[in-house]
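Peer 1: Here it is: the structure, laid out below.
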Amino acid sequence: MTGTPGDASGRNYYDELFDRLSVRSSTPLAVESVAEAYLDGKPQVLRKKRTTRRERDSLFWSSRSLVECSPESWNSEVMVLALARYLGQEPVVAVGMLARVAKVAPAALVRAVRYSGLVLNQHSPRRTELDEAAVGQAEVLELCRVLTIFDLAYRDRLATLHMQKALLSDLSAFDLLVYASLYAFERLVPRDFETRTLAPATGADSQVAWGAINDLLTWKLESAEASSLKLSDDDIGRSVVAHLRPILFEDAHGDAGAALHRLRAFHDLVAAQIELNEFVQRSANAFSYDDSIRFVRQDDHLEIMEVDPGARTAWQRDGRKLERLHGYWLHRAMDAFVAYVAADPGRWAIGRPENGDANRLAWIRALQAQLRLREVYGVADAVATDGGERVDVFRALLSLNLMSMFFQADFLAAFATRIEAEAGWIGALQRLAFDGLREGMQNRLPLTWSGRDAKVANITGWTVTAAQPQGDAPMASAILDFWTYDLAAMSAQFKGAAPGLRPHFYERPVLKFGSTLVQLPWIVGLQNNSTAAINNLRRLGARRGQAREETQRIEVALARLLESRGFTTLLNWKPPRDEDDPGEVDVIATLGQHLFVLEVKSTFLRRSQEEAWLHASSTLRKAGRQLQRKLAAVSQAIGSDLEFRTSLGLTEPPAPQHHHGWIVDTCIECDHQRFSGFLKVSIEEVLIALRDDRHLLNDPEGLLSGTYDADQSVEDDTHPAASTLYPEGFRVERFIEVIETEAVWKETAAGTSA
């Protein structure tokens, strides 16, 4: 490579680092440490300028450390991840490097190819380079044959999807949502809302379809004319007349033919998108990121061979944990609501009497999400929107849940009660629309729209308090912005290839078309609003100015819980800087002969193995290395710094003999795995262990299962006294055992093994 950037003297940064590290450690360790720096995004600045990823790639792949890389080092996890990063980029080429690795460490190259995502990016010049490196190398050659089979399957599905898209290419984004809403009421909306549970479940098939429709909306935004994303009443009227009215209100032999033909084409389009998405998730991403299986070639097709059943079980168990945590926070919210009403029985009445039950349920669900946001994610009672306005978190959550209750009752349940009587989904939708018109000219079409002022007015009614009996219009406006996606802004971002996260419409379910706001009853009525709130703030809003404050609140809350159990804690201690700066230590805690150093990570709720793998290979990998340095720095300070020892209550010898480093993370992925030897555990598990209320994970009141009148034996099994983690009282040794053995997740006699 030519023109490689370096420091002011022309030296390569990684060469300089390698030379320094080689003085005090072995060559293999120095090589791997240089690779760690590369993966961590160092150097961030060169010649007083921020470095780009391309510059770092160019520096690293031309560095002398690679010449010194032994087969053992190439097989190390860090070098495999570095290779994966090389294979995942295109601008930089390291001539002959893949061929060299293929000869000395073919297994490392195979793993790196998997992790790189090259399976879905086979037009990359790295694939050509890999083919050249595979000559004479059986293991790598077999990998290339597997990649070819994947590529053919992927191209076939892409071709089918593109063909189906071409049939509906003239539809606007709003037109597409019209057909998506018809599809949803035909295929996705539950037919039975007679349930005793607090939250109608959205099945896996519905989630798959939602994801496909979300991708199709993104496709439209990528190519949409700006004018089509600013809807007037006339624009909406023309779309309804062309695409919705013929299906719902015209004779099948009249104007309905073209619209029904398009609806069938939309069905085929969704099917093609689902087929592609399922191939990516279940096959390509499984090939890339699921270490529990291997794809084995049998002639011209692939078969899956399970190589680590435990890893597959762990992934499924983590999903079950998320379901149980939903129930845990629901029970916490119920307890909080009971206490709220007990303090003032007048609070039982919320809104009009006929809506009382629904309003109370919305209130409880809002409490459920707020408790989780506050205690797990450190979210304050008020946050800033993208536009800078302050929004009351509880009121925002309550508003969304009231929207959900409205759509669920007046659209989804109403549709379900009509479908049997009308002998079909079209007749049920038609009757629903006509009944809405008779009941005060209400819009009961499969999707709704309104002007911003009307929407603000509706939400203002939900912000009524004793201090503001007429409601708070500015707060309602901020709440609306909090839940709104500006589709024109998203379209401009896509077209400009600007960096940014792709939206999921359940995270901000008010879709802005200029001055017109569109909502989809089949999304808002069924989505998990707690997940929407978490990802709205932690995924989409990860760069908010408040995010750092929220992480500090998590640390403070964790410290207070530890102190309630007798620990002495110290927050945000900064050790003396040296060449290997360990950085700020989030939480230090001591009790008896035990020292804990906790590294806190706050992220979002993930949906795929790819997202989980990226989290593990970046954030958690780095956290493990940070803990190594931080635990060493804390241990050294305990031995040499009297003031530091005093701050931890260690005034009397001996110093703690047992040292524990834990990565405490808001997400559940990679739970109970180890990174650089340190345990990764979820904050919620630690919280439940310290509160000793794991019985709430087991649905003791039957709120989720609908078994409110469960027999007394079940109630006894899930009573706090029957499920305490500390039958002999709290001891630090038992606390450690509880965490390390995952005792929090072991169900009581009423349940089954977690």
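Peer 1: Of 684, 643, which residue is in a helix (DSSP H, G or I) and modelled with pLDDT of 95 or more? Let's see the steps before the verdict.
Peer 2: Values: 643 fails: modelled with pLDDT of 95 or more.
Going through 684, 643 in turn, just one is in a helix (DSSP H, G or I) and modelled with pLDDT of 95 or more: 684.
Peer 1: Among the listed residues 488, 466, 478, 532, which satisfies the condition of being touching a residue at least 60 places away in the same chain (Cβ under 8 Å), hydrophobic (A, V, I, L, M, F, W, C) and farther than 15 Å from residue 396 by Cα? Talk me through it step by step, then tell me what you get.
Peer 2: Values: 466 fails: touching a residue at least 60 places away in the same chain (Cβ under 8 Å); 478 fails: farther than 15 Å from residue 396 by Cα; 532 fails: farther than 15 Å from residue 396 by Cα.
Every option except 488 fails the conditions.
Peer 1: Of the residues that sit in the range 68-92 and are over 33 Å from the mean Cα position of the chain (by Cα) and surrounded by fewer than 21 Cβ atoms within 10 Å (Cβ to Cβ), which one is nearest to residue 141 (Cα to Cα)?
Peer 2: 71
Peer 1: Of everything in the range 229-259, what is under 23 Å from residue 166 (Cα atoms), in a helix (DSSP H, G or I) and touching a helix residue (DSSP H, G or I) at 6+ places or on another chain (Cβ under 6 Å)? Give them in sequence order.
Peer 2: 229, 239, 243, 244, 246, 247, 256, 259
Peer 1: Oh, and also: Name the pairs: first residue in the range 543-562 and in the same structural domain as residue 600 (by TED's automatic domain parsing), second residue among the acidic types (Asp, Glu) and buried (at least 16 other Cβ atoms within 10 Å of the Cβ), Cβ to Cβ under 7 Å, at least 6 apart or on different chains?
Peer 2: From the range 543-562, the pairs are 555/586; 557/375.
Peer 1: Then there is this: With the checklist (1) in contact (Cβ under 8 Å) with a residue 12 or more places away in the chain; (2) in a helix (DSSP H, G or I) in hand, flag the one item residue 590 doesn't pass.
Peer 2: Against the list (1) in contact (Cβ under 8 Å) with a residue 12 or more places away in the chain; (2) in a helix (DSSP H, G or I), residue 590 comes up short only on (2).
Peer 1: Is it true that residue 433 is in contact with a Leu (Cβ under 7 Å, 6 or more places away or on another chain), surrounded by fewer than 20 Cβ atoms within 10 Å (Cβ to Cβ) and assigned to a helix (DSSP H, G or I)?
Peer 2: Numbers: in contact with a Leu (Cβ under 7 Å, 6 or more places away or on another chain): yes; surrounded by fewer than 20 Cβ atoms within 10 Å (Cβ to Cβ): yes; assigned to a helix (DSSP H, G or I): yes.
Yes, satisfied.
Peer 1: Ok, one more. Give the residues of the range 336-376 that are free of Cβ contacts under 8 Å to residues at least 24 places away in the same chain and hydrophobic (A, V, I, L, M, F, W, C), sorted by residue number.
Peer 2: Answer for the range 336-376, where residues must be free of Cβ contacts under 8 Å to residues at least 24 places away in the same chain and hydrophobic (A, V, I, L, M, F, W, C): 338, 339, 341, 342, 343, 348, 349, 350.
Peer 1: Taking the options 299, 344, 308, name whichever one is surrounded by 12 or more Cβ atoms within 10 Å (Cβ to Cβ) and charged (D, E, K, R).
Peer 2: Details: 299 fails: surrounded by 12 or more Cβ atoms within 10 Å (Cβ to Cβ); 344 fails: surrounded by 12 or more Cβ atoms within 10 Å (Cβ to Cβ).
From the options 299, 344, 308, the qualifying one is 308.
Peer 1: Let me ask something else about it. Just a yes or no: is a residue in the range 505-514 within 17 Å of residue 401 (Cβ to Cβ), in contact (Cβ under 8 Å) with a residue 24 or more places away in the chain, among the β-branched types (Val, Ile, Thr) and out of contact with any Pro (no Cβ under 8 Å at 6 or more places or on another chain)?
Peer 2: Checked the range 505-514: at least one residue is within 17 Å of residue 401 (Cβ to Cβ), in contact (Cβ under 8 Å) with a residue 24 or more places away in the chain, among the β-branched types (Val, Ile, Thr) and out of contact with any Pro (no Cβ under 8 Å at 6 or more places or on another chain).
Peer 1: Looking at residue 152 and the list (1) in contact (Cβ under 8 Å) with a residue 24 or more places away in the chain; (2) surrounded by fewer than 17 Cβ atoms within 10 Å (Cβ to Cβ); (3) part of a helix (DSSP H, G or I), which single condition is not satisfied?
Peer 2: Going through (1) in contact (Cβ under 8 Å) with a residue 24 or more places away in the chain; (2) surrounded by fewer than 17 Cβ atoms within 10 Å (Cβ to Cβ); (3) part of a helix (DSSP H, G or I) one by one, residue 152 breaks only (1).
Peer 1: Related question: Could you count how many residues in the range 377-390 are among the aliphatic types (A, V, I, L, M) and buried (at least 21 other Cβ atoms within 10 Å of the Cβ)?
Peer 2: Kept after step one, since they are among the aliphatic types (A, V, I, L, M), are these residues of the range 377-390: 379-380, 382-384.
From what is left, the residues that are buried (at least 21 other Cβ atoms within 10 Å of the Cβ) are 379, 383.
Looking only at that region, the number is 2.
Peer 1: Right, next: Within the range 17-29, count every residue that is crowded, with 21+ Cβ neighbours inside 10 Å and touching a residue at least 24 places away in the same chain (Cβ under 8 Å). So that I can check it myself, show each step before the final result.
Peer 2: Narrowing the range 17-29 to residues crowded, with 21+ Cβ neighbours inside 10 Å: 18, 21.
Checking the rest, the ones that are also touching a residue at least 24 places away in the same chain (Cβ under 8 Å) come to 18.
Number of matching residues: 1.
Peer 1: Return yes when residue 293 is more than 27 Å from residue 617 (Cα to Cα) and aliphatic (A, V, I, L, M) and no when it is not. Can you show your working first?
Peer 2: Values: more than 27 Å from residue 617 (Cα to Cα): no; aliphatic (A, V, I, L, M): yes.
No.
Peer 1: Test of understanding: among 509, 446, which residue is modelled with pLDDT of 95 or more and touching a helix residue (DSSP H, G or I) at 6+ places or on another chain (Cβ under 6 Å)?
Peer 2: On the way: 509 fails: modelled with pLDDT of 95 or more.
Just a single option satisfies the conditions, and that option is 446.
Peer 1: Can I ask one more? Might you check whether a residue that is more than 30 Å from residue 615 (Cβ to Cβ) and modelled with pLDDT under 95 occurs anywhere in the range 70-87?
Peer 2: Applying the first criterion (more than 30 Å from residue 615 (Cβ to Cβ)) to the range 70-87 yields none.
Within the range 70-87, none of the residues are more than 30 Å from residue 615 (Cβ to Cβ) and modelled with pLDDT under 95.
Peer 1: Considering only residues that are outside any helix (DSSP H, G or I) and more than 23 Å from residue 484 (Cβ to Cβ), which ones fall in the range 348-389?
Peer 2: Across the range 348-389, the qualifying residues are 349, 350, 351, 352, 378.
Peer 1: Name every residue in the range 507-543 that is crowded, with 23+ Cβ neighbours inside 10 Å and among the small types (Gly, Ala, Ser), in order of residue number.
Peer 2: 525, 530, 532, 533
Peer 1: When the range 262-286 is examined, which residues are found to be at pLDDT below 95 and either surrounded by fewer than 14 Cβ atoms within 10 Å (Cβ to Cβ) or out of contact with any helix residue (DSSP H, G or I) (no Cβ under 9 Å at 6 or more places or on another chain) (or both)?
Peer 2: 282 - this is the single residue of the range 262-286 that is at pLDDT below 95 and either surrounded by fewer than 14 Cβ atoms within 10 Å (Cβ to Cβ) or out of contact with any helix residue (DSSP H, G or I) (no Cβ under 9 Å at 6 or more places or on another chain) (or both).
The values are calculated or read from the model by the stated rules, or taken from the named source; none is laboratory data. What you are looking at is a predicted structure, and each value in this text was computed from that prediction instead of being measured. Counting neighbours? That spans all protein chains shown, and the Cβs are built from the backbone with ideal geometry, glycine included.
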